[in-house]
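> I have a structure I would like to understand better, so I am pasting it below and will then ask my questions one at a time.
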Amino acid sequence: MNRGIIDDVWDDENSEFESERMIAAQSLAKLENAFSNAGYKYGVDASKTDHMQDGFDQGIELGLQRGKEIGVVLGALVAQREIRRKLHLPEENIDSL
């Protein structure tokens, strides 16, 4: 039997080195996980900001366009109502204006 192998198994310095190596490996794994999570969160936040701004820009443009169209229709209806009132026309004749 090789005496050197038995000495290595019971060598305190070797087991202390292995223990430190395992602790370092665990610490590295925790750091990698923490950086991975932080990077993921940063990417999600950055993406949300970009996409939310794009969505807002599209929504405001569409809202302004639709608001103008609705304002034109509403203005025409109010004008017809006021004309009908001033001319004392019955409600059923409003379509003829």
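Computed from the coordinates by the stated procedures, all read-outs in this text should not be read as laboratory data. Please read all numbers here as calculations on a predicted model, not as lab measurements. Positions of Cβ are backbone-derived with ideal geometry, glycine not excepted, and every protein chain shown enters the neighbour counts.
> Sorted by mean Cβ packing within 10 Å, highest first, what order do the peptides 46-55, 75-84 take?
Packing proxy ranking, top to bottom: 75-84, 46-55.
> Tell me, what ³J(HN,Hα) does each residue in region 46-51 have, in order and in whole Hz, if you take phi through Karplus 6.51 cos²θ - 1.76 cosθ + 1.60 with θ = phi - 60° and put x for Gly and Pro?
Result, ordered by residue: 5, 5, 4, 4, 4, 6 Hz.
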